[in-house]
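The values are calculated or read from the model by the stated rules, or taken from the named source; none is laboratory data. Nothing here was measured: the structure is a model prediction, and the numbers come from that model. Note that we place each Cβ from the backbone using ideal geometry, even for glycine, and neighbour counts take in every protein chain shown. Side chains are part of the model used for accessible areas, which takes the heavy atoms of the whole protein and leaves out ligands, DNA and RNA. Shrake-Rupley method; radii C 1.70, N 1.55, O 1.52, S 1.80 Å.
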Amino acid sequence: MRTISWDSKTPAVRIIDQRRLPADLVIIDLHNPQEVAASIRQMAVRGAPAIGATAAFGLALAGQLSTAGSAQGLWDDLEAAATLLRDARPTATNLGWALDRLLQTAHDSLEKGPQTMRRRLVEEAQKLADEDVEVNRRIGQHGADLINDGATVLHHCNTGALATVDYGTALGVIRTAHDQGKRVHVLVDETRPRLQGARLTAWELDQYGISYEIITDNAAGYFLHSGQVATVLVGADRVASNGDVANKIGTYMLALASNDNDVPFYCAVPTSTIDLSLPSGETIPIEERDPAEVLDLQRQGQPIAPDGSRARNPAFDITPSRLITAFITEIGVLHPPYPTSLSRAVKEAQRT
Ligand code: MRU
């Protein structure tokens, strides 16, 4: 089943509530753009491509719910909904990318009237979601060539079917290698503070029958230094035009330890995550989340620190491009110099 889908009858955006995993697999319906924005903010749905697809359906939903009788009236409602959705989380490029694509679709049919605009929005959101699955499968094919039989792969956060519409990016590479018959073992970074590795990646690997062990984030350096890791695989929330990467907090330290131990560090991304408008990672907005996520890991009223402790909770960090061995995209594997290879890949993806 897909992480995100469209229910045309209600209408509603249907998602897996990732806050409830691994204990319960719960599907929820989001009935308006406010609920869609809240689900992204509260991380019921998370992962850059999944956020993008959810927001796209959220804008299609805004179209369905708008009572505007004119194209201009509908356009005004769509712009307001897009602003609300865009503000839900700041770091993932895919959010703005998906909303801009849907707005462009509506704009292109302004002259055809509001009913056509509404229909086209739903069609475009569906197309974007379908393409995400196809793009991930191609990333998997390209990336699997980099995984040897018997390899131990270290993975950070969750980049699987849950983080996308289906299949996954970095985890999709591992799945493809596994499906090809290669024996792959995954060291799963637990990924504090939200535990996307321990809760979500481990849950997915269980479903796929792929061998894994969960490690604390702090243990990654030990495994890399002692020669127990063949490859490190991560995803990204935003890639700047020079190849700097914003990804889940802890990625930078992982990249440093990989480089120090000559372990290849690969970043698997759809080209929709590449933001050519930014010269470097310095200008990527980094989300800082509620300190309660650090102080009470399960957010169940069981604090792990003294009462009144303060905490900081940046959700992402920047890994400089010099630490990245290659990017795995739907276009192929990209090597340095990244300013050239990334912009070529984006152009090629736009052509196809
Ligand atoms: O805060 P999250 O869980 O949304 O962060 C997700 C990540 O950092 C992923 O690595 C990234 O979005 C790529 S998912 C294919």
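Brief remarks follow.
- Within segment 283-296, considering residues that are open to solvent by 30 Å² or more (accessible area, probe 1.4 Å) and not β-branched (Val, Ile, Thr), the one farthest from Glu190 (Cα to Cα): Pro285
- Test: Leu59 is over 26 Å from Asn247 (Cα atoms) and either among the hydrophobic types (A, V, I, L, M, F, W, C) or touching a Gly at 6+ places or on another chain (Cβ under 6 Å) (or both): no
- Of the strands (runs of 3 or more DSSP E) lying entirely inside segment 1-87, those containing at least 3 residues that are closer than 25 Å to Pro270 by Cβ and either touching a residue at least 60 places away in the same chain (Cβ under 8 Å) or assigned by TED's automatic domain parsing to the domain that holds Thr159 (or both) span 4-7.
- The single condition among (1) β-branched (Val, Ile, Thr); (2) touching a residue at least 24 places away in the same chain (Cβ under 8 Å); (3) in a loop (DSSP other than H, G, I, E, B) that Ile304 does not satisfy is (2).
- Only listed residue being within 17 Å of the chain's Cα centre (by Cα) and among the polar types (S, T, N, Q), chosen from Ser70, Ser39: Ser39
- For segment 174-197, the set of residues classified as within 11 Å of the ligand (Cβ to nearest atom), surrounded by 24 or more Cβ atoms within 10 Å (Cβ to Cβ) and not basic (Lys, Arg) consists of Asp189, Thr191, Gln196, Gly197, listed by residue number.
One line per residue, one yes/no per condition, for (1) touching an Asp or Glu at 6+ places or on another chain (Cβ under 9 Å); (2) more than 16 Å from the ligand (Cβ to nearest atom); (3) touching a residue at least 24 places away in the same chain (Cβ under 8 Å):
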position	(1), (2), (3)
Asn218	no, yes, no
Gly221	yes, yes, yes
Ala230	no, yes, yes
Leu233	no, no, yes
Val239	yes, no, yes
Asn242	no, yes, yes
Asn247	yes, no, yes
Tyr252	yes, no, yes
Ala255	no, no, yes
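- Meets criteria (of a type outside the set (A, V, I, L, M) and outside any loop (DSSP other than H, G, I, E, B)) for Glu330: no
- Scan of segment 257-276 for residues that are more than 14 Å from the ligand (Cβ to nearest atom) and within 19 Å of the chain's Cα centre (by Cα), ordered by number: Leu276
- Residues satisfying the stated conditions in segment 307-327, i.e. part of a loop (DSSP other than H, G, I, E, B) and surrounded by 14 or more Cβ atoms within 10 Å (Cβ to Cβ): Asn313, Ala315, Pro320, Ile324, Thr325
- Qualifying residue in segment 93-105 (condition: open to solvent by less than 10 Å² (accessible area, probe 1.4 Å), touching a residue at least 60 places away in the same chain (Cβ under 8 Å) and among the aliphatic types (A, V, I, L, M)): yes
- The lone criterion from (1) of a type in the set (D, E, K, R); (2) open to solvent by 10 Å² or more (accessible area, probe 1.4 Å); (3) closer than 20 Å to Asp132 by Cβ left unmet by Glu204 is number (2).
- Search result, residues across segment 88-127 that are among the aliphatic types (A, V, I, L, M) and either outside any helix (DSSP H, G or I) or under 16 Å from the mean Cα position of the chain (by Cα) (or both): Ala88, Ala92, Leu95, Ala98, Leu99
- Out of Leu171, Leu205, Leu200, sole residue that is assigned to a helix (DSSP H, G or I), within 12 Å of the ligand (Cβ to nearest atom) and either over 17 Å from the mean Cα position of the chain (by Cα) or over 14 Å from Val232 (Cα atoms) (or both): Leu200
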